[in-house]
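**Q** Pasting in a structure now, in structure tokens, and then I'll have a few things to ask.
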Amino acid sequence: MSTTSSKPDELTVLIGGRWRAPAAERRGSVFNPSTGEVIARVPFCGADIVDEAVRAAADALPAWADTPPTRRAGLMFRYRSLLETHFEELARLVTRENGKTLEEARGDVRRGLEVVEFACGIAHLAKGESLPQVAEHIDGLTMREPVGVCAGIPPFNFPAMVPLWMFPISLACGNTFILKPSEKVPLTAQRLVELLVEAGLPNGVLNVVHGGKEVVEALCTHPGIAAVSFVGSTPVARRVYALAAEHGKRVQAGGGAKNVLIVMPDADPDSTVRAVMGAAFGCAGQRCMAGSILMGVGDAAEPLRRRMVEAMDALKVGDTAADPSAEMGPVIDEPARTRITGLIDRGLAEGAKLARDGRAGVPARGFFVGPTLLDGVQPDMAIAREEIFGPVLALHRPRTIEEAVALANRSPFGNGASIFTASGQWARQFARDIRCGMVGVNVGIPAPMALFPFTGWNQSFFGDLHLQGMEGVLFYTRQKVVLSRWDGNYRRTLGW
Ligand code: NAD
């Protein structure tokens, strides 16, 4: 796949081991968000292509499910090694199609690579349990078996990490898979799959289709698919969860978020501002773990506001693909830019005050919004309730930690929240009282790590078993309990 030519790449589908251009009535554009230039064209597939992919995955399933887990792990070891070899290339591709800085893109690839490392341990992770003599002459054991053909539908904001949350664990568990990359960033996903093919992927074990709503609905309703992994916005996550569950599939669906950062008066000022800057403006605020509401508790609020504005003024916003010194890149596309600036306007109309305006002083080309801080934000304003998914931070000024936690717990979302404090007592109480799944103590982004599940709550997750970690293995396998009676008639002599 060429990624440097000026002619846009034409993306293809992978079905049964063969890359090909599908017949598609519609094609979408993939942009370099730093420049607005079209770098690729992506086909919008329909139900017919999904059906072909399901057939290929179903054909490949019996042999792959029967492959010893140590051999499946062997594929993951080879894949891991190829991902390391192509690490910089992948990071550059992420920057090019997503707009995040190269450093952020390296984090994106690294976090995903760690999931592949986790999947290398599948032979141990997927072991069952046993209890000899569970009843007279009867031994009991559990086996974890693959669920069948699985589908993965990732969002645009982590082009490498989120697809890698899905297919490596699923394949390692013995399933076959259909990946539908985000139509906004399909190049990285395509390259990730090419490398898996190079590592020795058998034909049909992983298939790739492209598109949007139509292809997602075909995946959620196809009778040949057993499980759907989805990550994206809350309205789509809710819909995918309901539709796929109605069609008898197990579903894990990560949704949107509105994460809170609580700063106590005793927090270390320098490290706190650094962490809050990273949480709010890293990846231009396009992270499901992005800090969106900053609560300066009591006396913490005023100095925090001042220091934040200074740090935001110093943050270099620019073309991340061309300028390695840029510290923050663009948002994904023009509709995202319009939506974000629209939400800032709405906040101002509802009475918030601009402490720093990111709508001005940004590059004219590409899809840029600079770091923005709104003060005087009240809990009922749209800017305080809705996911913005851009570099906009809303400052609240609760008087006490109790008030801060109560405010945070009013959110319908439940991905993450962090506290900054020198007090173990406050930190402990916060971790117990906050109603969300990922909790940070003096950490801006309590990031999803491969060895743990990513435990979103409430409207940030629909389903039961989360993505990644041991919950990933449980999601992609189903248990069988085997009871065996062998009451032979030879006389036993016990050794004690
Ligand atoms: P999105 O919901 O627009 O798209 C996600 C996926 O769903 C894409 O593959 C897209 O093609 C598909 N899709 C879009 N509209 C659809 C529809 N109407 N019907 C069926 N499928 C549809 O999300 P996005 O803009 O790509 O990503 C940003 C969102 O993802 C944010 O809300 C962010 O918080 C969330 N996110 C959540 C997590 C998590 O783990 N909870 C992680 C990353 C991102």
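**Q** Just to be sure, is Leu304 in contact with a Gly (Cβ under 9 Å, 6 or more places away or on another chain) and surrounded by 24 or more Cβ atoms within 10 Å (Cβ to Cβ)?
**A** yes
**Q** Within region 108-149, can you find the residues that are in contact (Cβ under 8 Å) with a residue 40 or more places away in the chain, in a loop (DSSP other than H, G, I, E, B), of a type outside the set (A, V, I, L, M, F, W, C) and in contact with a strand residue (DSSP E or B) (Cβ under 6 Å, 6 or more places away or on another chain)?
**A** Hits for region 108-149 are Gly128, His137.
**Q** Quick check on my filter: what residues within region 216-251 are basic (Lys, Arg) and open to solvent by less than 70 Å² (accessible area, probe 1.4 Å)?
**A** Once the filter is applied, which keeps residues that are basic (Lys, Arg) and open to solvent by less than 70 Å² (accessible area, probe 1.4 Å), region 216-251 yields only Lys249.
Conditions (1) open to solvent by less than 40 Å² (accessible area, probe 1.4 Å); (2) free of Cβ contacts under 8 Å to residues at least 12 places away in the same chain; (3) on the phi > 0 side of the Ramachandran plot, marked per residue:
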site	(1), (2), (3)
Trp19	no, yes, no
Phe31	no, no, no
Glu37	no, yes, no
Asp51	no, no, no
Ala60	yes, no, no
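**Q** Another question, if that's okay. Could you list all residues from region 150-209 that are among the charged types (D, E, K, R) and either more than 25 Å from Ala245 (Cα to Cα) or open to solvent by less than 10 Å² (accessible area, probe 1.4 Å) (or both)?
**A** Of everything in region 150-209, those that are among the charged types (D, E, K, R) and either more than 25 Å from Ala245 (Cα to Cα) or open to solvent by less than 10 Å² (accessible area, probe 1.4 Å) (or both) turn out to be Lys180, Lys184, Arg191, Glu194, Glu198.
**Q** Quick check: anything in region 89-100 in contact with a Ser or Thr (Cβ under 8 Å, 6 or more places away or on another chain) and outside any helix (DSSP H, G or I)?
**A** There is at least one residue in region 89-100 that is in contact with a Ser or Thr (Cβ under 8 Å, 6 or more places away or on another chain) and outside any helix (DSSP H, G or I).
**Q** Output the residues belonging to region 172-214 that are more than 16 Å from the chain's Cα centre (by Cα) and part of a helix (DSSP H, G or I).
**A** Correct list: Ala172, Leu187, Gln190, Arg191, Val193, Glu194, Leu195, Leu196, Val197, Glu198, Lys213, Glu214.
**Q** Go through (1) within 16 Å of the ligand (Cβ to nearest atom); (2) touching a residue at least 24 places away in the same chain (Cβ under 8 Å); (3) over 15 Å from Ala56 (Cα atoms) and name the single condition Val208 misses.
**A** That leaves (3) as the condition not met.
**Q** Anything in region 135-177 that is within 16 Å of the ligand (Cβ to nearest atom) and in contact with a His (Cβ under 9 Å, 6 or more places away or on another chain)? List them, or say none. Give the derivation first.
**A** Taking region 135-177 and keeping what is within 16 Å of the ligand (Cβ to nearest atom), we get 150-167, 169, 177.
Scanning region 135-177 gives a single hit, Ala151.
**Q** From Ile340, Ile262, which residue is among the aliphatic types (A, V, I, L, M) and within 23 Å of the chain's Cα centre (by Cα)?
**A** Ile340
**Q** Could I ask something else about it? Being hydroxyl-bearing (Ser, Thr, Tyr), out of contact with any Pro (no Cβ under 8 Å at 6 or more places or on another chain) and at pLDDT 95 or above is the filter here, so list the residues in region 459-496 that pass it.
**A** Ser460, Ser484
**Q** Inspect region 155-171 for any residue being out of contact with any Lys or Arg (no Cβ under 9 Å at 6 or more places or on another chain) and either part of a strand (DSSP E or B) or among the basic types (Lys, Arg) (or both) and give the result as yes or no.
**A** Looking for residues that are out of contact with any Lys or Arg (no Cβ under 9 Å at 6 or more places or on another chain) and either part of a strand (DSSP E or B) or among the basic types (Lys, Arg) (or both), one finds none in region 155-171, hence no.
**Q** Right, next: Residues of region 225-277 being farther than 18 Å from Glu214 by Cβ, in contact (Cβ under 8 Å) with a residue 60 or more places away in the chain, in a loop (DSSP other than H, G, I, E, B) and more than 8 Å from the ligand (Cβ to nearest atom), which ones?
**A** If the condition is that a residue be farther than 18 Å from Glu214 by Cβ, in contact (Cβ under 8 Å) with a residue 60 or more places away in the chain, in a loop (DSSP other than H, G, I, E, B) and more than 8 Å from the ligand (Cβ to nearest atom), then Ala226, Lys258, Met264, Asp266, Ala267, Asp268 are the ones that fit.
The values are calculated or read from the model by the stated rules, or taken from the named source; none is laboratory data. Fair warning: this is a prediction, and the values are worked out from it, not measured in the lab. So basically every Cβ, Gly included, is an ideal-geometry build from the backbone, and we count neighbours across all protein chains shown. Keep in mind that these areas ignore ligands, DNA and RNA; they rest on the heavy atoms of the full protein, side chains included. Shrake-Rupley method; radii C 1.70, N 1.55, O 1.52, S 1.80 Å.
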